[in-house]
1. Being part of a loop (DSSP other than H, G, I, E, B), buried (at least 24 other Cβ atoms within 10 Å of the Cβ) and either free of Cβ contacts under 8 Å to residues at least 60 places away in the same chain or in contact with a strand residue (DSSP E or B) (Cβ under 7 Å, 6 or more places away or on another chain) (or both) is the filter here, so list the residues in the stretch 295-321 that pass it.
2. What pairs come up if the first residue lies in the stretch 29-53 and is over 28 Å from SER364 (Cβ atoms) and touching a residue at least 24 places away in the same chain (Cβ under 8 Å), the second is among the aromatic types (Phe, Trp, Tyr) and outside any helix (DSSP H, G or I), and their beta carbons are under 6 Å apart, counting only those six or more places apart or on different chains?
3. So which of LEU212, LEU165, LEU207, LEU145 ends up being under 30 Å from GLN328 (Cβ atoms), hydrophobic (A, V, I, L, M, F, W, C) and more than 22 Å from the chain's Cα centre (by Cα)?
4. If I filter the stretch 281-294 for residues that are surrounded by fewer than 23 Cβ atoms within 10 Å (Cβ to Cβ), at pLDDT 95 or above and not in a loop (DSSP other than H, G, I, E, B), do I get at least one hit?
5. How do the pairs read when you match residues in the stretch 348-360 that are farther than 12 Å from GLU292 by Cα with residues anywhere that are in a helix (DSSP H, G or I) and modelled with pLDDT of 95 or more, using Cβ under 7 Å and keeping only pairs 6 or more apart or on different chains?
6. Confirm whether LEU217 is surrounded by fewer than 21 Cβ atoms within 10 Å (Cβ to Cβ), outside the structural domain of TYR119 (by TED's automatic domain parsing) and of a type in the set (A, V, I, L, M).
7. Which condition number in (1) touching a residue at least 40 places away in the same chain (Cβ under 8 Å); (2) over 20 Å from ALA302 (Cα atoms) is the one that LEU237 fails?
8. Do you know which of the residues in the stretch 337-371 that are touching a Gly at 6+ places or on another chain (Cβ under 8 Å) and closer than 15 Å to PHE182 by Cβ is surrounded by the fewest Cβ atoms within 10 Å (Cβ to Cβ)?
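The values are calculated or read from the model by the stated rules, or taken from the named source; none is laboratory data. The structure displayed is predicted, hence computed values, not measured ones. Every residue, glycine among them, receives a Cβ derived from its backbone with ideal geometry; neighbour counts consider all protein chains shown.
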Amino acid sequence: MTRPRIAIAHDYLTQRGGAERVVLSLSRAFPDAQIHTLLYDPAGTYPEFASLPIRTSPLNRIAALQKDHRRALPVLRPFADRMSIDADLTIVSSSGWAHGFPTTGRKLIYCHSPARWLYLADEYLGRPTLASPSGLALQLLQPSLVRWDQQAARQADRYLSNSTLISRRIQRVYGFSADPLFPPGGVDATGEQHPIEQPADWLGAGLRFHLLVSRLLPYKNVDQAIRAFELLPDERLLVIGRGPERDALHALASDRVAFAEDVSDAQMRWAYAHATALIAPSFEDFGLTPVEANAYGTPVLALRAGGYLDTVADSVSGLLFDRSTPHQIAATVRSSADVEWNAQQIIQHAESFSEERFIHEIRSHAEELLS
């Protein structure tokens, strides 16, 4: 009997984030599948992609678009329409473009969010829509793009979401239900660890540090966390990530805040393993970093909203605060110091988000569709 042909589709592989880790997990679940994506930047995303079969659109020949996919917003639709995929089943990891790729077989869509550039445009662009050329172009194209997006969503044979929040958003935006399938935690807690210089010096001097892992974007509230640590003279903060707010955040921070970007997986493991707690102050659709920190027995201090309601068990794997203000974040850091955290319970919580569980469930969905 001929094995079914399975393909994987994703919007673009230009960053290191939870959505890109999902694509790696999908490739491990279906090792013969080719990955179809509009843009691919080997230097900007995870190195594991270099050994995988990846097909890109002609836009990928423009290096500037690899580095910043938002610049391509006005022209992505026609190129998405040309990304035809011939397979018995295409598994789509998408937050807006890849679910519109034409396919010949069945289509299983794993949605990270309905298109933020259509339904949450100001948040996506990091500024009011009319304050940038991309925003102006998007405003003009929005009516036709909404029609295209709604039609693309309804081409699915099955639609899954990555969190309870996204299930509700899909219902609101598209008018149909989607069962949540939580994505896998992305860090192998058993792998080797390499220290990051400045926080390692802190530990050597007997000082502890908290950790924040985030893209440096306005809505991530990294600035609020930095201000919180100005209220905590005995605490240190390590911020791992990169983004357009980098210079502004560096200017805001004291010498008790360290920054790192483009860290290796071994350095990330070290940071998770040695941090006192992870600070998670942004509104996230799912929020993968709490699961990654919990895999090391490290508790999480997170905003009581969005995906963190799925990934953080209050008073078991972390503490939740109601608003991302410096005073509330600082107060939660102080409260956490008085909790006797049970590392084994925290690790057990993280295991419920394992890659093995994700692969088993996504294969079950694929088998049902192919049968």
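1. Going residue by residue through the stretch 295-321, those that are part of a loop (DSSP other than H, G, I, E, B) are 295-299, 304-307, 312-313, 315-317.
Narrowing the set further to residues that are buried (at least 24 other Cβ atoms within 10 Å of the Cβ) leaves 295, 298-299, 307, 312, 317.
THR298, PRO299, VAL312, SER317, listed by residue number.
2. Here the result reads LEU38/TYR12; LEU39/TYR12, each pair linking the stretch 29-53 to a residue that is among the aromatic types (Phe, Trp, Tyr) and outside any helix (DSSP H, G or I).
3. Numbers: LEU212 fails: more than 22 Å from the chain's Cα centre (by Cα); LEU165 fails: more than 22 Å from the chain's Cα centre (by Cα); LEU145 fails: under 30 Å from GLN328 (Cβ atoms).
Going through LEU212, LEU165, LEU207, LEU145 in turn, just one is under 30 Å from GLN328 (Cβ atoms), hydrophobic (A, V, I, L, M, F, W, C) and more than 22 Å from the chain's Cα centre (by Cα): LEU207.
4. No, that holds for no residue.
5. Within 7 Å, the pairs are PHE358/SER25; ILE359/SER25; ILE359/ARG28; ILE359/ALA29.
6. For LEU217, the condition - surrounded by fewer than 21 Cβ atoms within 10 Å (Cβ to Cβ), outside the structural domain of TYR119 (by TED's automatic domain parsing) and of a type in the set (A, V, I, L, M) - is met.
7. The failed condition is (2).
8. Of all residues in the stretch 337-371, those touching a Gly at 6+ places or on another chain (Cβ under 8 Å) come to 341, 343-344, 346-347, 350, 353-355.
After this cut, where a residue has to be closer than 15 Å to PHE182 by Cβ as well, the list is 350, 353-355.
Numbers: ALA350: 22, PHE353: 22, SER354: 15, GLU355: 18.
So the residue we want is SER354.
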